[in-house]
Amino acid sequence: MEVKNFSAWDYVVFAALFVISSGIGVFFAIKERKKATSREFLVGGRQMSFGPVALSLTASFMSAVTVLGAPSEVYRFGASFLLFIVSYTFVIVFTSELFLPVFYRSGITSTYEYLQLRFSKQVRYTATLIYIVQTILYTGVVVYAPALALNQVTGFDLWGSVFATGIVCTFYCTLGGLKAVVWTDAFQMVVMIIGFLTVIIQGSAHAGGFYNVLEQAKNGSRLHIVDFDVDPLRRHTFWTISVGGTFTWLGIYGVNQSTIQRCISCKTEKHAKLALYFNLLGLCIILVCAVFSGLIMYSHFKDCDPWTSGIVSAPDQLMPYFVMEIFASMPGLPGLFVACAFSGTLSTVAASINALATVTFEDFVKSCFPHLSNKLSTWISKGLCLLFGIMCTSMAVAASLMGGVVQAALSIHGMFGGPMLGLFSLGLVFPFVNWKGALGGLLTGITLSFWVAIGAFIYPAPASKTWPLPLLTDQCVHLNLTASVPPEVSRRPAIADSWYSLSYLYYSAVGCLGCIVAGVIISFLTGHQRGKDINPLLIRPVCNLFCFWSEKYKTLCWCGVEHDRGTEQDNLEVGSAWKQEAESVLQNGVRRESLAHVPGYNPNEKSYGRMALEKITHF
């Protein structure tokens, strides 16, 4: 494969991204030096505004895998990828209206703290350990995979970029904490959009205008977006993307520590919700840019596919190869695109490091040492950021030794996400589920999602369900390899053409639904939870939407939880006092004494501020 090396200007542009990101960390380390508490470091003092948080959320979940992979996906399979806007919308609505209110009003810092309040310490620690393992693994691959793709196409130094990413992220996370992460993400989000726009503008000019791009994409069947086929084995249809995509993104978004941590850093619940809804706008912008980039790339390579002809060795190398071609005579712009790709990597890694440090400090360190001083807590938090930065970078090195396993490792995030979503759904929506049902459901969900995903990796789905749209090589100058053909697998078990051929977007749905069903059954077999022992603050009475006409049916569906015991503000007060109790009270024991008024609820905005939680969030 021909490697087109970077020019000096490309390296200058790319280096500027790292310098500015590091500078933001230094700035917040100096600015916040007199506010040296772990509360400031891990959640920004809970005084963030929605704007930078929204940009940070978008940047973190649009990693380099998206920047490189989404255009390639559109190039090979068509613009049906655009339907992810539907699943993004459902995800944001469910997150802001179902999960966020409980997490925000409970005054928690780690989402897994909720699991102890609702179930038990066993459930909390099990979920925390699973999150730590899967995040370290996923983050390592997110660093290595795009670095490898860029190296093989552009000659960009592989290990230099891997270690630079790890060192810079660890540096500004350790120095500046969450505020540095959020504001750096906001800057990187701007870089991502500029990078995409330069590709779209220059690529369209090469193709003779955007109208020509759409016309050629239509002729190549790339604009057939909506397919209502209900077959769950089809890779991408309206149903797999809108339904399966919702489960997938909720699992890695709605109950993810990285998301919730930044939402609860907002100064009011209203700001937290606005951050999520503005983040939806950002997600849609990045998605539309990625889809258009894929269509433009198809227009450019419509007669000579670099992947089929062997010019590039993997689909994720298509976008870097395309960029190096259209910007061949424009030094600096290839570096801008690489900066765009690595902006996604930096934001994802930084958010992961900060989230890992937070859950470890909250769920393990504070549980073992509850009376740490503010100064010592801050230093421990910074030490954890440094530790996890080293571990994530080391995981990137380990990913280089995995070979074909890297592709499987990328799906681990989703495979764990579904069972985690099911676990939190059991807590929020099903009041009668006890800790045994929650733990059993989590393990069942993980077993099911891993079963189908690993089976699919060993026995790939039939080509008729997953093979790309036609790709031509008629005008390729060098055809060193024959065209790729679907892999032939002999002696496939019967289950391989059904269960193992399930669309990858349904893996999370399998894990989530398996967790919920198993959790409900186990809870009834072992003695269901008494609703009157559960703080109403920890349950979302979604049945109110379906039984709004009947108070009798609503009360019946509450399963004994006393949602009508007082106003929401009363429940907030009870929850605050409850959270201050000893460990024995935390395990499903509700304190019922009447409490003095705690300020914090704004009746005009119908939103909770942080004043009500000040007394319970000492770090």
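The values are calculated or read from the model by the stated rules, or taken from the named source; none is laboratory data. Predicted, not measured: the structure shown is a model, and the values here were computed from it. Note that each Cβ is placed from the backbone with ideal geometry, even for glycine, and that neighbours are counted across all protein chains shown. When the accessible area is computed, the model is the full protein with side chains, heavy atoms only, and any ligands, DNA or RNA have been set aside. Shrake-Rupley method; radii C 1.70, N 1.55, O 1.52, S 1.80 Å.
The set of residues from region 115-166 being aromatic (Phe, Trp, Tyr), surrounded by fewer than 22 Cβ atoms within 10 Å (Cβ to Cβ) and within 23 Å of the chain's Cα centre (by Cα) comprises TYR125, PHE163. At least 3 residues being within 21 Å of LYS436 (Cα to Cα) and in contact (Cβ under 8 Å) with a residue 40 or more places away in the chain is the threshold, and among the helices (runs of 4 or more DSSP H) wholly inside region 83-122 those reaching it are 111-118. Within region 323-372, restricting attention to residues that are crowded, with 24+ Cβ neighbours inside 10 Å and among the aromatic types (Phe, Trp, Tyr), which residue is nearest to the chain's Cα centre (by Cα)? Residue satisfying both the conditions and the ranking: PHE342.
Evaluate region 471-492: report whether one residue or more is open to solvent by 80 Å² or more (accessible area, probe 1.4 Å), at pLDDT 80 or above and not charged (D, E, K, R). Checked against the condition, which is being open to solvent by 80 Å² or more (accessible area, probe 1.4 Å), at pLDDT 80 or above and not charged (D, E, K, R), region 471-492 yields no hits at all.
Residues considered: HIS528, HIS563. Of these, the only one that is at pLDDT 85 or above and either part of a loop (DSSP other than H, G, I, E, B) or not acidic (Asp, Glu) (or both) is HIS528. Residues of region 501-537 that are of a type outside the set (A, V, I, L, M), closer than 27 Å to MET415 by Cβ and open to solvent by less than 30 Å² (accessible area, probe 1.4 Å): SER501, SER503, TYR507, SER508, GLY511, CYS512, GLY514, CYS515, GLY519, SER523.
Only one of these conditions is not met by PHE247: (1) open to solvent by 30 Å² or more (accessible area, probe 1.4 Å); (2) farther than 18 Å from SER87 by Cα; (3) in contact with a Cys (Cβ under 6 Å, 6 or more places away or on another chain). Which number is it? So PHE247 meets the others, but not (2).
Restricting the search to region 257-307, which residues are part of a loop (DSSP other than H, G, I, E, B) and open to solvent by less than 10 Å² (accessible area, probe 1.4 Å)?
As a first pass, look at region 257-307 and keep what is part of a loop (DSSP other than H, G, I, E, B): 265, 267, 302-307.
Listed by number, the residues that qualify are SER265, ASP305, PRO306.
For the subset of region 207-216 comprising residues that are modelled with pLDDT of 90 or more and either under 11 Å from LEU469 (Cβ atoms) or in contact with a helix residue (DSSP H, G or I) (Cβ under 8 Å, 6 or more places away or on another chain) (or both), which member is surrounded by the fewest Cβ atoms within 10 Å (Cβ to Cβ)? Taking the candidates together, the pick is ASN212. Checking the stated criteria, ALA205 turns out not to satisfy the condition of being out of contact with any His (no Cβ under 7 Å at 6 or more places or on another chain) and closer than 30 Å to PRO462 by Cβ.
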